[in-house]
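In what follows, a structure is listed as structure tokens, so that the remarks can point back to it.
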Amino acid sequence: MVGVLNKIHSTPPESIPGLLDSVRPMLHSCQTTNAAMAALIPPSQFWRWKEMWTNSLRTAIFSAALVEFLATGKLISLPEVCHILGIKDEWRGRFALPVEDYLHGLISLVNELSRLAVNAVTLGNFEAPIQISIFVKDLFAGFSMLNLKNDTLRRRFDSLKYDLKKIEEVVYDVSLRKLAPPPQGGRQI
């Protein structure tokens with residue numbers, strides 16, 4: 001799934017919808033796997049076994065978030081991710097999507113979008129970095145409101161600052177060279 005999504009860095013903007021259509025069935029295939037895991041985990045044993053699939057679940061969250069951003073330019077919500085991955089509320093004690101894993105997936109999204117901002121310019125898409133910049137700034141503002149403890153989520157949150165700086169440098173270069181039109185209405189960058 002991530003391997004196919006990595007093609008966004010070398011795919012022209014008009015070909016992105018076809019690429020996303022090829023990823024969606026892979027995302028939906030996670031439903032079967034998640035249902036099988038939920039059936040295997042005994043009641044009230046989620047936290048005991050959670051670490052066995054955390055990285056895979058975060059990757060699926062990241063993939064769902066990236067597909068949503070590329071398709072609509074919007075942030076995918078936690079309930080929407082649960083729906084796409086087939087995670088049901090009645091599994092709560094056996095299998096669930098923790099908020100922490102959702103946030104890790106969003107940080108991975110920003111890490112990937114900082115790469116996309118650079119690569120979009122090389123493909124001649126000068127508006128993409130501006131859209132990415134607005135999205136990442138809003139996401140960064142949301143993360144800044146959280147009281148994160150000194151754990152892996154906090155350390156990964158710190159990486160957002162560097163990604164945001166990288167995106168801002170791309171937007172600055174594009175704006176300085178007048179390669180993209182200024183944003184219409186709404187927020188100014």
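The values are calculated or read from the model by the stated rules, or taken from the named source; none is laboratory data. Because the structure is a prediction, the values reported are computed rather than measured. Here Cβ is always computed from backbone atoms with ideal geometry, including for glycine, and neighbour counts include all displayed protein chains. Just the protein is used for accessible areas: all its heavy atoms, side chains included, with ligands, DNA and RNA removed. Shrake-Rupley method; radii C 1.70, N 1.55, O 1.52, S 1.80 Å.
Here are the numbers for the structure shown:
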read-out	value
Rounded tilt (10° steps) of 16-40 against the dominant C-alpha axis of the chain	20 degrees
Nearest-ten-degree value, helix 99-122 long axis tilted from longest Cα axis of the chain	30 degrees
Linear extension gain, Asp138 paired with Asn150, 0.36 nm per residue minus alpha-carbon span	2.1 nm
Residues of type lysines that Lys137 reaches as a straight line, Cα spacing below 16 Å, ignoring anything fewer than 8 places off in the same chain	Lys74, Lys161, Lys165, Lys166
Extension reserve of the Ser56-Ser77 stretch, reckoned as 0.36 nm per residue once the Cα distance is removed	5.7 nm
Label zone at Asp21, where the point sits 7 Å out along the Cα-to-Cβ direction: the range 37-79 residues whose backbone N lies under 19 Å	67-73
Using alpha-carbon coordinates, inclination of helix 152-176 to the longest axis of the chain, degrees	20 degrees
Average accessible surface area per residue within the range 1-97, 1.4 Å rolling probe, Å²	54 Å²
Shape category assigned to the chain from the gyration tensor of Cα positions, a/c cut at 1.5	prolate
Qualifying trypsin sites (Lys or Arg not before Pro) for the range 105-161 [loop in DSSP, other Cβ within 10 Å: at most 12]	Lys149
Loop-located trypsin sites (Lys or Arg not before Pro) in the range 1-80, at most 16 other Cβ atoms within 10 Å (DSSP)	Lys74
